[in-house]
Each structure stands twice: as C-alpha cells, then as structure tokens.
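The values are calculated or read from the model by the stated rules, or taken from the named source; none is laboratory data. What you are looking at is a predicted structure, and each value in this text was computed from that prediction instead of being measured. In this analysis, Cβ positions are derived from the backbone assuming ideal geometry, glycine residues included, and neighbour counts consider all displayed protein chains.
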Amino acid sequence: MRRACRIRIASGLVLLALGACNRDSDERGDAAGAVVATTAEGTLPAWLAPTDGTDPGRWLAGREAGKALPADEPRVRAMAAALARARDGFIEDPRMIANRTVQLGQMLAEAGIGEGYGAILDGLGGIAAERGRRKSLYGEMCQHYYNARMQGADHAAALARLAAPHPVLEGTP
C-alpha cells in the first residue's frame, strides 16, 4: 500500500514538473520577448515547446521510431490519425497530448513495460470518446493508466479500469 502511494506521489510530481516547464518556456520567450520557433526540419526535440513548429503527429512517430521521419511516412500518417482521434476527447491541445504520451511511454519503459504510443492514444482516446460531450484531461488519464499498469494490469485491463464508472474520473462526489 505504501509503495503504491509513493509511486502515485512520485509520478504526480513528474507530471507537475513537466507542466511547469512548459509554462516557463511559454512565459519567457527569447531575450527580446519575441516568440521564436525552436525546431529545424529533421530534428527531434526532447519535448514540444509551445513555440515549436514541429507537427505533433510527426514528432510522436519519430520519437517512437527513434529518428526523424519524413512527413509522408506511413507511421507519421498513422500517428497523426491516432492523435486526431484522441484530440476530440480531451481538453489539451495536440502538442500537450503528444508530450504526455511520450512522458507516459518513458515512465512505462523505466518500469520495464513497453507500450506503443498509438496504442496509448487509441486506448485513452477511446475511453474519452465514450464519455461523449464531456472532455477529459489527458494528463490525469495518463496518470491513472500508469498507476493501473504499476499495479500489474496489462494494457487492456488498465483501459477497462479507466472505462469503468469512477467518481474521481467522472468528476462526481
């Protein structure tokens, strides 16, 4: 019980830290106060900043592949489609969804669990779509998915837990 609590707290702190990093880069801009795009064609930044000109679907496919991919690559088109499907159910923009997906993938990998980014997007996006008009928070859903996986659930079981009616996830008392 204590270990599960510590895992939740630690992973929550990671999510908060990344959110703060994105806000800081948003507010700073460059020294003159102008917003400048930070990515060049063919590079894969660690994270997509608010000023980044990289297409989130292409970046996400490249991160999963371990290298930059051309825009017409089938893996890029597939990832862009998965991101677009997921986007409809969440409040966050595609850039933040892509960043959170990579973060979740890295956290799972550190725990010895490999999960494809497309599977994560489709799974969590499918749950959000079932909720209808009410949009969900992607970062929060990632956290609950991660916790379920750390408790031993496989991908399908973790998604089933998230899909089940739950007061915390549904926002009811």
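Points worth noting:
- Residue count for region 130-148, restricted to those that are free of Cβ contacts under 8 Å to residues at least 60 places away in the same chain and surrounded by 15 or more Cβ atoms within 10 Å (Cβ to Cβ): 8
- Looking only at residues in region 60-88 that are acidic (Asp, Glu) and surrounded by 14 or more Cβ atoms within 10 Å (Cβ to Cβ), the one that is farthest from the chain's Cα centre (by Cα) is 73.
- Residues located in region 93-115, provided they are under 20 Å from residue 55 (Cβ atoms), of a type outside the set (A, V, I, L, M, F, W, C) and either outside any loop (DSSP other than H, G, I, E, B) or at pLDDT 95 or above (or both): 94, 95, 99, 100, 101, 103, 105
- Qualifying residue in region 3-25 (condition: at pLDDT 85 or above and assigned to a helix (DSSP H, G or I)): no
- Residue within region 62-83 that is farther than 21 Å from residue 44 by Cβ, part of a helix (DSSP H, G or I) and touching a helix residue (DSSP H, G or I) at 6+ places or on another chain (Cβ under 7 Å) present: no
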